[in-house]
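What follows is a single structure, written as structure tokens, with notes after it.
The values are calculated or read from the model by the stated rules, or taken from the named source; none is laboratory data. The model shown is predicted, which means the values in this text are computed figures rather than measured ones. Positions of Cβ are generated from backbone atoms using ideal geometry, with glycine treated the same way; all protein chains shown enter the neighbour counts.
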């Protein structure tokens, strides 16, 4: 049964990769003369945005499902580790790493000046700081995720049976 779940997960992962590559190829490779508010935008901008919304929604649902399932498993197993994966340590490390990335993003962008748009709208500096903090945190977490994925694909940390 585990092998079947693994294969389904494997095919879903590669289907997601194919969809992402297809949408990005359409975004960057298709026409670029879609006039919107006096600016040129790629024709497939909405498709890329819907992909991002869909990925966020699916990730959110899977996170909730994972938390509910782990709570059920931990209640039924009387606190013992049934899978051999140190979930508590991974969760603690993930939250600490996320918090540190937010702190780094905040420290890197302290005291941002107010932003004045071309139409005269003013965005206060603290909102610019918060926005930049989240962007820096996203870049840090994305880089760490890509690095972890590459290390996992090499098989360096896999146990030999």
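In table form, for the structure just shown:
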{"quantity": "Hits in the stretch 96-119 (condition: part of a loop (DSSP other than H, G, I, E, B) and over 14 Å from residue 135 (Cβ atoms))", "calculated": "110, 111, 113, 114, 117, 118, 119"}
{"quantity": "The listed residue being on the phi < 0 side of the Ramachandran plot, loosely packed, with under 10 Cβ neighbours inside 10 Å, at pLDDT below 90 and out of contact with any helix residue (DSSP H, G or I) (no Cβ under 8 Å at 6 or more places or on another chain), out of 85, 67", "calculated": "85"}
{"quantity": "Selected residue [modelled with pLDDT under 85, closer than 20 Å to residue 148 by Cβ and surrounded by 10 or more Cβ atoms within 10 Å (Cβ to Cβ)] from 91, 55", "calculated": "91"}
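Each row is one residue, and each column tells you yes or no for (1) free of Cβ contacts under 8 Å to residues at least 24 places away in the same chain; (2) loosely packed, with under 10 Cβ neighbours inside 10 Å; (3) at negative phi.
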{"position": "97", "(1), (2), (3)": "no, no, yes"}
{"position": "107", "(1), (2), (3)": "yes, no, yes"}
{"position": "112", "(1), (2), (3)": "yes, no, yes"}
{"position": "135", "(1), (2), (3)": "no, no, yes"}
{"position": "138", "(1), (2), (3)": "yes, no, yes"}
{"position": "144", "(1), (2), (3)": "no, no, yes"}
{"position": "151", "(1), (2), (3)": "yes, no, yes"}
{"position": "156", "(1), (2), (3)": "yes, yes, yes"}
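Here's the yes/no breakdown for (1) within 30 Å of residue 25 (Cβ to Cβ); (2) at pLDDT below 80; (3) under 24 Å from the mean Cα position of the chain (by Cα):
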residue: 59; (1), (2), (3): yes, no, yes
residue: 63; (1), (2), (3): yes, no, yes
residue: 71; (1), (2), (3): no, yes, yes
residue: 103; (1), (2), (3): no, no, yes
residue: 127; (1), (2), (3): no, no, yes
residue: 130; (1), (2), (3): no, no, yes
